[in-house]
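The values are calculated or read from the model by the stated rules, or taken from the named source; none is laboratory data. If you're wondering where the values come from, they're calculated on a predicted model, not measured in any experiment. Here the Cβ is made from the backbone with ideal geometry for all residues, glycine too, and neighbour counts use every protein chain on show. With ligands, DNA and RNA removed, areas are computed over all heavy atoms of the protein, side chains included. Shrake-Rupley method; radii C 1.70, N 1.55, O 1.52, S 1.80 Å.
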Amino acid sequence: MVHPGPPPATLPATSEADPADRTDGDRHTDETRAKRSLLDPTIVRRALRDAIVKLDPRVMVRNPVMFVVEVGSVMTTVLFFAGLGSSSSAENVFAGLVTAWLWFTVLFANFAEAVAEGRGKAQADTLRAARTETVAHVIGAGGALVDTPSSELTVGDRVVCEAGTVIPGDGTVVEGIASVDESAITGESAPVIRESGGDRSAVTGGTRVLSDRIVVEITAEPGDTFIDRMISLVEGADRQKTPNEIALNILLAGLTLVFLLAVVTLQPFAVYSGAPQTVLVLVALLVCLIPTTIGALLSAIGIAGMDRLVQRNVLAMSGRAVEAAGDVSTLLLDKTGTITYGDRQATELHAAPGVDIADLAVAARLSSLADETPEGRSIVSLTAERYGATGENPAGAELVAFTAQTRMSGIDVDGRSIRKGAIDSVRAWVVANGGSVPDAIVEVANEVAAAGGTPLAVAEGTRVLGVVQLSDIVKEGMRERFDLLRSMGIRTVMITGDNPLTAKAIAAEAGVDDFLAEATPEDKMALIRREQSGGHLVAMTGDGTNDAPALALADVGVAMNTGTQAAKEAGNMIDLDSNPTKLIEVVEVGKQLLITRGALTTFSIANDVAKYFVIIPAMFMVVFPHLNELNFMHLASPRSAILSAVIFNALIIVALIPLALRGVQFRAAGAAAILRRNLLIYGLGGLVLPFIAIKAIDVVISHLGVK
Amino acid sequence: MTAHAWEQLAAIVAIVAIAAPPLGFYLARVFGDGPAPGDRIFGPVERAIYRIVGVDPDHEQRWNVYAMSLLAFSVASVVVLYAMQRLQGHLPLDPTGAHSIDPALSFNTAVSFVTNTNWQNYAGESTMSIFTSMVGLAVQNFVSAAVGITVAIALVRGLTRDGARTIGNFWVDLIRATTRVLLPIALVAAIVFVSQGVIQTFAAPVHAHTITGATQVIPGGPVASQESIKMLGTNGGGYFGANSAHPFENPNGVTNLLQIVLMLLIPFALTFTFGRLAKDRRQGFVLAAAMFLIWFAAAFALTSFESAGNPRLTSRGVDQSMSVGRVGGNMEGKETRFGAAGSGLFGATSTGTSTGAVNASHDSFTAAGGAVPLVAMMLGEISPGGVGAGLYGILIFALLAVFIAGLMVGRTPEYLGKKIQAAEMKLVVLYILVTPLVILAFTALSVAFAGPRSAILNHGPHGLTEVTYAFTSAANNNGSAFGGLSTNTTWYNTTLGIAMLLGRFMLIIPVLAIAGSLARKKRVPVNAGTFPTGTPLFTGLLVGVIVIMVGLTFFPVLALGPIVERLGG
């Protein structure tokens, strides 16, 4: 892009980096932020310690399945020590081993949760470092600067932040413009622009001003700033169970009750049959039957899902929002920046009859020199590159800057008066000068609009010279993404301020399912309400203050970090990269979270079949030797069989921790295909795997001498 | 299975496959909105009944009012039936001179018929007067079946309505189920039964002189009229103690086949009703297929085990095969006119439909064979289950299957566009907890205490099966007895009565609550991301969930009962 004229103020060139230019925002931050692997040694060390701390029954009781295992472990421990004096040594070894593995089962579950929390905790530590105490320069009564510790700021204070200083608290820029390094929060090293007014006025405490000077009005009390919220979010300090997690916990508790019942009533049956069982064996049976695998990993899966979003620089305010993301069936995507590159570009000039295209190019160029909007700049570069128009700001020229009121820019030089702008505005100007707009121009303008472009007219005095065509450039690969979304059952709706004709053309080109043209904030709200009343869950992104109500209404509202404070408070997620395309990834993370949860639930339940076939014959083989026919795996002995089942039950938790943390592989596809695949792997696999694994464990431990 | 058995099975499948869909579509119109066939005939009758009982047919009820109406009706029915038995000596139509019945048995029988269980701790012909049988028991055979249909229809409404507060009017549903469905079909079936030799008489018992010179008193009664609703309403309570093994109830192979068809008819038809009301016939097919698979597996297994004969005789070289002049198979406790095939198909159907009628002694089935009806009941009576109860039972398991596996498509679980959340899961869990709780707890208590244990006639594994069977039958409202257990005691009359009550109403209340909760929900539109519940894959998943989640609960007790017995312990 060629820079016309002097660069605005003293902003570094990188500030022009539009969010839309970074479609791979997450990959970008991968490079800039030191990423911790899931099983980073420091995380594992801390998790090992936490696993033991979490044995506290007051903590365990929140997870009914694992609490039952802990109670069972305590019982077998007591029985083990009580039996040390009286039982045979083989029985003691067996009791000791079963007890130990029951404790391992509990510890592995705690470890899984602790590891899942680990990365967030490490990240929270980094953020805490950014939250250091600074001295704020508060503008006191009479305008004098008063040095105040950042911890004593109150809402409404105005502080001056100069280059090189840390912004002391969250606030809104009320004066000035500056480049700010927000890498402490976003991990993004390129500075961003913050300026008073408009949608880029919010600044975050803990970030650093790199250039210039701004006055910030504090909007959050110390202790309740964005960084504080972020710390508690990534750390999961006040993590609430999500609705589906609650429902699943009810099922797991119910299953635990059913199996508790089956095991408790088994003893009278066993006594009746002349084969009373030891409490140890009954506890072992119970632990193997209740859904420990999913019970152990459920919270880890939830935490890891939130963490996966954090890795993509998206902060979810609640797990509920992540879950809702999986359910989303309508995506509202802003055209600009999401579907098309941020700004429209001049792509074509159409000369009026009798006008030389070169003259038009020169006129268009001259009239755009004062237009600092991206559209204006694109005209300057188009005329130079395609039509060979050159020439810089002529001496003595009077530039007429573009304003929202006039909707025109232009130049007055050497008695010539050239204007460029919206057709209506230029028409009014030409008519006022005593001229008129030829029909041919109106026709061309309509054609351009019909094709999805924006026509701008260029006129000199009473003559209209021609039309500049501005077009949206649809980002590459969008159509494929929308096709994938459609196959997942998600409808995309493009939101644009364009007229319906233009919107339709772009919608067709990008391949979205629907569009909302000439969208006002009210229209957006109405659309969301309409979708929701039809049973759809709606996701959207937004950054402006007038997006706030819609963000709050949407089921998943992703606010851009560059956006206003109002937008950030209304949304239930914040994208630190401010990349609206990421909404699609948010949906995928939500789906992956749910799939992982479902896959491990199915796996856990399917496992029970094998465990029954292992333990029940083992329990009663002594009294009913014929039951050995059910022992078709030919496990070495009743004790080795029971112990093998208990060991499998514990080890499978560890084995599945990586899967729980990373999430199962997710490929965008229709529900039927995904279900078939996952049922095969986790349902059928869950049936078959334990038979093989338990047999293998039995071979090993019987060789080690468990008889 | 013998060729003979396959022929019977094929005939049953063919008749049900032809008859069930149209009946299901008819039911959909009876319980759907808008006019239904037969309005001209039934409309005036129903309106008269509404006026008499003071029901406004246009006033729909929320789930809790619906449930309260149902409970009030059931409590009143129990009270009336109890009083009738206690007072039957003073009531008319008593040619056999039956006496009043003691409180524990009266309670047990009243509960048994109101809950559609028809557990009978007595022999009908000698204990009940014709009055009690016809005005009490037979009426309950109709209305208890109708109650089952109302619950199923209420649940279907809950699933298919969009943001509604009500799930229908219990009284309207009850009356329409009785007048438009049960009465007409039962009437036709009764006439067919009479044509085949099932008796229908108010005459006093016949005194016959046998060849050996003894005198035999042969009681008769209005049997055909009760037989048809006994099967059609999946009730199972026989006029005679011998139930469908008695030649007056079930005289030949044709009536045997017809009885099996009658048991299967409405439960399968209701899946088509469901498909029609859900405006997606595949949703109904999927449930019917799951029901059929389990029913077929049970029928196949039981008939095969019984046709093969007693393995202990086989191991001693006894030929038990079928030949001219020999029925073949394990014939202990079976009628020669039915044989292993007729008894196996009947037994599997009767226990898979919560009917509980028997035409053979289940206690005398082979060890493996005896496990089949037991397991069919333990699976929660969904193959195809009781009238109405089968549909709402399998729908609850469908919710469970969707909840477990539904997440695997990357959405929170939904069924027919209704989100399955914590509120529904609480109720589903309650539903799946109640039956195992009742069965296992009462069975455990019964074998733990000396008193109830002494009622067991066979010791060892078979005895455990006998007790387990009794409570499984009661809690699942089946009503068939394994035998070998003296259950007409205060302990068993009471505990079995409680088991029947809990097994009926502690399931119906959660089901209606689920219906209410689902009806209120907005429907999520179906699209490519929706968990597919109308595919064969879902049938497989559903069967898997039922077998693993429900069946496995009982694996320990099965291992110590029939499995040990079969393996020869």
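Can you quote the Å³ per residue value for the convex hull of the Cα atoms in region A:522-562, rounded to an integer? Write down the numbers at each step before the final one.
On the way: hull volume 2.0 nm³, N = 41.
Once divided by residue count, the hull of region A:522-562 is 48 Å³.
Using only Cα atoms, tell me the angle between helix A:500-510 and the longest principal axis of chain A; keep it within 0 to 90° and round to the nearest 10. Compared with the principal axis, the helix lies near 50 degrees.
Counting only trypsin sites (Lys or Arg not before Pro) that sit in a DSSP loop (anything but H, G, I, E, B) with at most 13 other Cβ atoms within 10 Å, what is the longest stretch of chain B containing none of them? Numbers along the way, then the final one.
Details: sites that count: B:Arg165, B:Lys279, B:Arg316.
The longest uninterrupted stretch comes out as B:317-569.
Its DSSP H runs of at least 4 residues, each contributing -39,500 (n - 2.57), put the calculated 222 nm mean residue ellipticity of chain B at -19000 deg cm²/dmol, to the nearest 500.
Viscosity 0.692 mPa s, temperature 37 °C: give me the Stokes-Einstein translational D for region B:121-167 in µm²/s, with Rh taken as the Kirkwood radius over C-alpha pairs. D = 250 µm²/s.
Solvent exposure of region B:273-348, expressed per residue, is 46 Å² of accessible area, with all protein chains present and a 1.4 angstrom probe.
How high is the relative contact order of chain B, in percent, with contacts defined as C-alpha pairs under 8 Å that are six or more residues apart?
Numbers: 1054 pairs, mean separation 111.8, N = 569.
For chain B, the relative contact order is 20 percent.
Consider all pairwise Cα distances in chain A and report the whole-number % of them above 40 Å.
Working: 118928 of 249571 pairs.
The share of Cα pairs beyond 40 Å in chain A comes to 48 percent.
Accessible-area loss of 40 Å² or more (1.4 Å probe, protein heavy atoms, chain alone versus all protein chains) is found in region A:220-251 for A:Asn244, A:Ala247, A:Ile250, A:Leu251.
Close amide H pairs (under 5 Å, H built 1.01 Å from N) link A:Phe515 with A:Met494, residues at least 5 positions away or on another chain. Using a probe radius of 1.4 angstrom, the carbon and sulfur fraction of the accessible surface of chain B is 67%. By a 1.4 Å probe calculation restricted to protein chains, B:His59 has an accessible surface near 110 Å², given to the nearest 10. For region B:373-414, heavy-atom accessible area (probe 1.4 Å) falls by no less than 40 Å² from the chain alone to the full protein assembly at B:Phe403, B:Ile404, B:Leu407, B:Met408, B:Val409, B:Gly410, B:Arg411, B:Thr412.
A straight Cα-to-Cα reach below 18 Å connects A:Lys524 with the lysines A:Lys335, A:Lys504, A:Lys568, residues fewer than 8 places away in its own chain not being considered.
Here the average projected area of the convex hull drawn through the C-alpha atoms of region A:426-535 stands at 8.6 nm².
With a 1.4 Å probe and every protein chain left in place, work out the accessible area per residue of chain A in Å², rounded to a whole number.
Numbers: 27280 Å² over 707 residues.
On a per-residue basis, 39 Å².
The mean sequence distance of close C-alpha pairs (under 8 Å, at least 6 residues apart), as a share of the length of region A:358-399, puts its relative contact order at 43 percent. Here are some pairs, B:Lys230/B:Lys426; A:Lys582/B:Lys418; B:Lys230/B:Lys419; which of them have Cα atoms lying more than 32 Å apart in this structure? Flagged as over cut-off: B:Lys230/B:Lys426; B:Lys230/B:Lys419. Helix A:292-311 axis versus longest C-alpha principal axis of chain A: approximately 20°, rounded to the nearest ten.
Among the chymotrypsin sites (Phe, Trp or Tyr not before Pro) in region B:240-293, which ones are in a DSSP loop with at most 11 other Cβ atoms within 10 Å of the Cβ? Mind listing them?
Passing sites in region B:240-293 do not exist.
Accessible surface ranking for B:His207, B:His462, 1.4 angstrom probe, highest first: B:His207, B:His462. Each residue of region B:288-295 is assigned a 3J(HN,Hα), and the resulting list reads 4, 5, 5, 4, 5, 4, 5, 4 Hz, derived from the Karplus form 6.51 cos²θ - 1.76 cosθ + 1.60 (θ = phi - 60°), x at Gly and Pro. Within the P(r) computed for region A:86-239, what percentage of the Cα pairs occupies the region above 27 Å? Pairs farther apart than 27 Å: 40 percent. Computed over chain A, the per-residue total of -39500 (n - 2.57) for DSSP H runs of n ≥ 4 gives a 222 nm mean residue ellipticity of -16500 deg cm²/dmol, rounded to 500. Using the alpha carbons alone, the radius of gyration of region B:62-211 stands to its Kirkwood radius in an Rg to Rh ratio of 1.07. Only Cα sites of region B:339-427 enter the Debye sum here, all with the same form factor; the resulting log10 I(q)/I(0) across q = 0.14 1/Å is -0.60, listed in q order.
Sorted by accessible area with a 1.4 angstrom probe, largest first, how do A:Asp439, A:Asp228 fall?
Values: A:Asp439 120, A:Asp228 25 Å².
From most accessible down to least: A:Asp439, A:Asp228.
Quick one: which of A:550-557, B:187-194, A:647-654, A:140-147 comes out on top by average Cβ neighbours within 10 Å, and what's the full order, highest first? Don't jump to the answer; show the numbers that get you there.
Details: A:550-557: 24.5, B:187-194: 17.8, A:647-654: 22.9, A:140-147: 9.0.
Packing proxy ranking, top to bottom: A:550-557, A:647-654, B:187-194, A:140-147.
Using only alpha-carbon positions in chain B, the gyration tensor eigenvalues give semi-axes of 35, 29, 23 Å once each is multiplied by 5 and square-rooted (largest first).
For region A:408-476, the set of GluC sites (Glu not before Pro) satisfying both a DSSP loop assignment and a count of at most 12 other C-beta atoms within 10 Å is given as A:Glu476.
Of the three principal axes defined by the Cα atoms of region A:505-611, the extents in descending order read 61, 32, 27 Å.
State the percentage of accessible surface on chain A attributable to carbon and sulfur atoms; use a 1.4 Å probe and exclude ligands, DNA and RNA.
Working: 15970 of 27280 Å².
The C+S portion of the solvent-accessible surface of chain A is 59 percent.
Shape of region A:126-201 from its Cα gyration tensor (a ≥ b ≥ c, root eigenvalues): rounded if a/c is under 1.5, otherwise prolate when a/b > b/c, or oblate? Oblate is the answer for region A:126-201, as a/c is 1.5 or above yet b/c matches or exceeds a/b. Sparsely packed loop sites in region A:569-631 (the trypsin sites (Lys or Arg not before Pro) outside DSSP H, G, I, E and B with at most 16 other Cβ atoms within 10 Å) do not occur. With 10 Å bins beginning at zero, the pair-distance distribution over Cα atoms of region A:441-484 amounts to 27, 32, 23, 12, 5, 0 %. The alpha-carbon atoms of the protein assembly as shown, seen along their principal axes, cover 142, 85, 59 angstrom, with the largest extent given first.
Within region A:264-305, the residues that become at least 50 Å² less accessible when every protein chain is included than when their own chain is isolated (1.4 Å probe; DNA, RNA and ligands ignored) are A:Phe269, A:Tyr272.
Give the average, rounded to an integer, of partner chain Cβ atoms located within 10 angstrom of each Cβ in B:435-441. Don't jump to the answer; show the numbers that get you there.
Values: counts 1, 6, 4, 0, 2, 9, 4.
If you average over the peptide's residues, the count of other-chain Cβ atoms is 4.
Buried surface for the A/B pair, taken as the accessible area of each chain alone minus that of the pair with a 1.4 Å probe, is close to 5000 Å² in total.
How would A:Met306, B:Met377, B:Met322 rank on accessible area, largest to smallest, probe 1.4 Å? List each step's numbers first, then the result.
Numbers: A:Met306 35, B:Met377 0, B:Met322 110 Å².
Sorted by accessible area, descending: B:Met322, A:Met306, B:Met377.
Largest first, the three principal axis extents of the alpha carbons in region B:193-272 are 56, 23, 22 Å in whole numbers. In region B:103-203, Cα pairs under 8 Å separated by at least six residues give a relative contact order of 23 percent. Sequentially through region B:104-113, phi angles give Karplus couplings (6.51, -1.76, 1.60; θ = phi - 60°) of 4, 5, 4, 4, 4, 5, 4, 4, 4, 7 Hz, Gly and Pro residues having no value and appearing as x.
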